[in-house]
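Just so you know, all these numbers are worked out from the coordinates, no wet-lab data involved. Nothing here was measured: the structure is a model prediction, and the numbers come from that model. We place every Cβ from the backbone using ideal geometry, glycine too, and count neighbours over all the protein chains shown.
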Amino acid sequence: MPETRRLLPALHTRSEPVSRERLTERGFDRAMERMLSMQPEDIIAEVKASGIKGRGGAAFPTGIKWAGVHAAAGGTRYVVMNADESELGTFKDRVLLEQDPLGALVGVLIAAHAVRARKAYCYIRGEYREVEQRLAAALTILAECGWVGPDAVDVEIRRGAGAYIAGEETALLNSIEGKRAEPRVKPPFPTNHGLWGAPTLIQNVETMANVAVLFAHDVQWFKECGTPETPGTKLIGLSGYVRHPGVYEVPFGYPMTNIIHDEDLGGGLSGSERLRAILLGGAAGTFMAPEEVEASLLDYGSLSRYGASIGSGALMVFDDTVDLTWVLKKLARFFADESCGQCVPCRIGTRRILELLDQEGLKTRAEDLRELALAMRDASICGLGQTAPVALLSILDRPERQGA
Amino acid sequence: MADEVTLTIDGMSVAVPRGSTVRAACEAALVSIPTLCWHSNLEPANACRACVVEVKGSRALVASCSRVAEEGMDVQTASDRVRNSRKVVAELLLSTSDADLAPDLLHLAEISGADKNRFAGGATWQQPVKDDNSLYIRDLSKCILCYRCVEACGEDAQNTFAISVAGRGFNAHIDAGFGRELPESDCVFCGNCVAVCPTGALIGKTEWTLRQNGQWDEDRISQTETICSYCGVGCELNLHVLENRIVKVNSPMDHPVTHGMLCVKGRYGYEFAQAGE
Ligand SMILES: Cc1cc2nc3c(=O)[nH]c(=O)nc-3n(C[C@H](O)[C@H](O)[C@H](O)COP(=O)(O)O)c2cc1C
Ligand code: SF4
Ligand code: SF4
Ligand code: SF4
Ligand code: FES
């Protein structure tokens, strides 16, 4: 299958990424005008009807989140675009912002109008300096159009605090407020009680870009791609033992195997050319065995049969020379380094998992590891601690998959 | 009633005032919930996770010390997931920290059937005792990072903000700013952090010295209540006396004036007045 290009601009796009011509060529000026003529309720209804789900990991229905912020009490509201992108194997927001920064920003403006926010933040990963400059330039274009600024929606770029945890939505809010990037307890959710206590809408870059292309077209067009449950496309960050690693835009419902093998996508396995497993969803993701990959489509329902989820769209491919225990140790090191240290299960648990794996505990201490992993999943405050043991559990559940 | 909510705890229906926490609702239903970081006079820090319960419809377990009870909530306090989490929390803390003076942690370990050796043998919090002032000792090998001292020093009582958590992950620790010693920090030595510390990681110097010498004997310590005479606020003091010597001063946590919090004069002035005699 040739790659679908909706969020990523078509290959024959002629205009510069940051230019007024790009706004026209991609239909974003049309999207802005159409949106500005609509009532917030109607904008939200359209987002709901499109079936867009969050692309940052949790796949929460976007329209429902917007309705929540819209209905929340309080005069001041904020919109935040989450461009902190620090999940392992995830580099799609960067590519998206490099290739088409105006799209995501138009999504931010549509969101701001829908929830009546006058102020928006773009929280961008600290290492993405060039992307940040591109975003700033794109904001200048939107300001020239009269859509960004003190009389419209004020958009401020904030540079990330340099930690994986800062991408978690409530830690991100603390970081914008100038505090330590530690997650807050939910509830209250940011939709009601976000930045400085005001209702706040937080969306991933790719989610915002979806909103922009939706308004550049319409619901019917949007749903022509993907599945009835999950319309649209997903950016996949393909890495590891594939011929053509990179970011690909794939319609929901597409066979997982084809993402790896299609000539226009992964181009097939490299290395030994024999698949041992994929890790789907990054460090917080799940290992899937070859036959599970074979039997799955890129959709939440299909993948959940194997306890897997798409997460941020990171897809790492391992050939059969890779020892998955070694991968698990790398993941354990990552989480031990990135835990914020606020709650006991994650603060100490991530360290103990690392130690136990280093002592080859996967074989000798499997039951202790499992109980530790379950306590972390169940009792940690935030998604980091809750998902840190997921990959480990996916291996513990499939002992025959550990490999070499 | 409009200002009450009714929820189910382990199958029992209980009504509590709106705004109550799930923990308080459990208490009302006579179901005891273990807690470590929660303290009646401080904002919940949500850090220890000893108090988690299972709420129907919620994927992760819920910290009962901070979660507000809702109408119709269905709470399980002893499910397999709850019991496993409590046990692992106790085991993890016992694997890092010295629990000798931490009755709540020892209690949690006992009721959860924790095996203190299960996750032991790795990195610990073992570190030298910090003896950098004449009023209290910081023996952070005992610390469980419950945040109580931070809360007491900050918004919840003292408003001094002398200490906070620094570092990440396993290296997160209580710090008086840039690793300074206390006398160089913003600390005013009110000892309110000492009063709320559940582990003896913060401990009055007199008590610590007596314990070191094997002379601290709870059975021989008598307690006398009095009103502090240093100023006119009317703080109630609880003088702990061992062999005619004041060895510790605190204030009842439920006292309407102090809520357990004192200033440096009330908490340490009496010990010092007599030391000079
Ligand atoms: C540890 C952790 C890190 C996260 N990092 C990111 C991130 O870098 N970018 C992102 O969009 N979402 C991240 N998330 C998810 C956010 O908390 C939040 O769900 C998301 O930004 C919501 O946007 P969406 O609904 O558009 O996906 C992270 C979550 C966790 C638990
Ligand atoms: S789960 Fe980990 S990252 Fe999240 S709050 Fe707890 S310690 Fe911090
Ligand atoms: S003694 Fe008082 S001021 Fe000093 S750290 Fe403790 S609470 Fe803060
Ligand atoms: S010093 Fe005491 S009060 Fe402070 S975090 Fe450690 S155990 Fe808690
Ligand atoms: S007592 Fe509730 S989290 Fe510590």
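Which GluC sites (Glu not before Pro) from region A:269-369 combine a DSSP loop assignment with at most 13 other Cβ atoms within 10 Å?
Working: sites: A:Glu273, A:Glu291, A:Glu292, A:Glu294, A:Glu338, A:Glu355, A:Glu360, A:Glu367; in loops: A:Glu273, A:Glu360.
Sites meeting the loop and neighbour criteria: A:Glu273, A:Glu360.
Applying the Karplus parametrisation 6.51 cos²θ - 1.76 cosθ + 1.60 with θ = phi - 60° to the phi angles of region A:146-157, what ³J(HN,Hα) value in whole Hz is obtained for each residue in order, glycine and proline being reported as x?
Going residue by residue, I get x, 9, 10, x, x, 8, 10, 10, 7, 10, 10, 8 Hz, with x marking Gly and Pro.
Using the basic label-point model (7 angstrom from Cα toward the beta carbon), what is the B:Thr226 to B:Phe272 distance in nanometres?
Roughly 1.7 nm, to one decimal.
Please give the contour-minus-distance gain from B:Asp115 to B:Ser164: 0.36 nm per residue of separation, less the Cα-Cα distance, rounded to one decimal in nm.
Working: separation 49, 0.36 × 49 = 17.64 nm, distance 3.11 nm.
Separation in residues times 0.36 nm, less the Cα-Cα distance, equals 14.5 nm.
Within 10 Å of each Cβ in peptide B:84-94, how many partner chain Cβ atoms are there on average? Round it to a whole number, please.
On the way: counts 7, 10, 2, 2, 14, 7, 1, 6, 11, 3, 0.
Whole-number average of other-chain Cβ neighbours for B:84-94 is 6.
Summing +1 for each Lys or Arg and -1 for each Asp or Glu, what net charge is found among the other residues whose Cβ lies under 11 Å from the Cβ of A:Lys186?
Numbers: positive: A:Arg184, B:Arg67; negative: A:Glu168, A:Glu169.
Residues close to A:Lys186 contribute a combined charge of 0.
What three numbers, in Å, describe the spread of the alpha carbons of region B:136-274 along their principal axes, ordered from the longest?
45, 37, 27
How much length is gained if the chain between A:Lys330 and A:Glu224 is pulled fully straight, taking 0.36 nm per residue apart and subtracting their Cα-Cα distance, in nm to one decimal? Intermediate results must be reported in sequence, preceding the final value.
Numbers: separation 106, 0.36 × 106 = 38.16 nm, distance 4.00 nm.
Between A:Lys330 and A:Glu224, full extension yields an extra 34.2 nm.
Return the FRET efficiency for the residue pair A:Thr24, A:Glu273: r is the Cβ-Cβ distance, R0 is 41 Å, and the value is rounded to the nearest 0.05.
Values: r = 45 Å, r/R0 = 1.10.
Rounded to the nearest 0.05, the efficiency is 0.35.
Using only the alpha-carbon atoms of chain B, report the extent along each of the three principal axes, biggest first, to the nearest angstrom.
Ordered largest first, chain B gives principal extents of 63, 49, 39 Å.
Average partner chain C-beta neighbours within 10 Å, per residue of A:358-369? Don't jump to the answer; show the numbers that get you there.
Numbers: counts 1, 2, 0, 0, 0, 0, 0, 2, 0, 0, 5, 0.
That average works out to 1.
Give me, ordered by chain and number, the residues 5 or more places off A:Tyr241 or on other chains with an amide H under 5 Å from its own placed amide H.
For A:Tyr241, the qualifying residues are A:Val317, A:Phe318, A:Asp319.
Let me have the relative contact order for region B:136-274, percent, based on Cα pairs under 8 Å that are six or more residues apart. Kindly include the intermediate steps, with their values, before the conclusion.
Details: 228 pairs, mean separation 28.8, N = 139.
The normalised contact order for region B:136-274 reaches 21 percent.
Kirkwood hydrodynamic radius, computed over distinct alpha-carbon pairs, for chain A: how many Å, to one decimal?
On the way: mean 1/r = 0.0463 Å⁻¹.
After inverting the pairwise mean of 1/r, the radius is 21.6 Å.
In 20 Å bins starting at 0, how do the alpha-carbon pair distances of the protein assembly as shown split up by percent?
Bins of 20 Å from zero give 17, 45, 30, 8, 0 percent of pairs.
Would you mind telling me the antiparallel percentage of the DSSP bridges in the protein assembly as shown, rounded to 5?
Numbers: 47 of 71 bridges.
Antiparallel: roughly 65 percent of the beta bridges in the protein assembly as shown.
Antiparallel versus total DSSP beta bridges in region A:223-368: what percent is that, nearest 5? Please report the intermediate quantities before stating the final value.
Working: 17 of 21 bridges.
Of those bridges, close to 80 percent are antiparallel.
First measure r as the distance between the Cβ atoms of A:Gln359 and A:Lys179, then evaluate 1/(1 + (r/R0)^6) with R0 = 35 Å and state the FRET efficiency to the nearest 0.05. Could the numbers behind the result be given before it?
Working: r = 37 Å, r/R0 = 1.06.
Computed FRET efficiency for A:Gln359 and A:Lys179 comes out at 0.40.
Counting only C-alpha contacts under 8 Å and six or more residues apart, can you give the relative contact order of chain B as a whole percent?
Working: 524 pairs, mean separation 35.9, N = 277.
Rounded, it is 13 percent for chain B.
Which links in A:Lys329/B:Lys130; A:Lys119/A:Lys223; A:Lys119/A:Lys186; A:Lys48/A:Lys179; A:Lys53/A:Lys330; A:Lys65/B:Lys116 stretch past 32 Å when you go from one Cα to the other?
On the way: A:Lys329/B:Lys130 35 Å; A:Lys119/A:Lys223 30 Å; A:Lys119/A:Lys186 23 Å; A:Lys48/A:Lys179 34 Å; A:Lys53/A:Lys330 30 Å; A:Lys65/B:Lys116 44 Å.
Check vs 32 Å cut-off fails for A:Lys329/B:Lys130; A:Lys48/A:Lys179; A:Lys65/B:Lys116.
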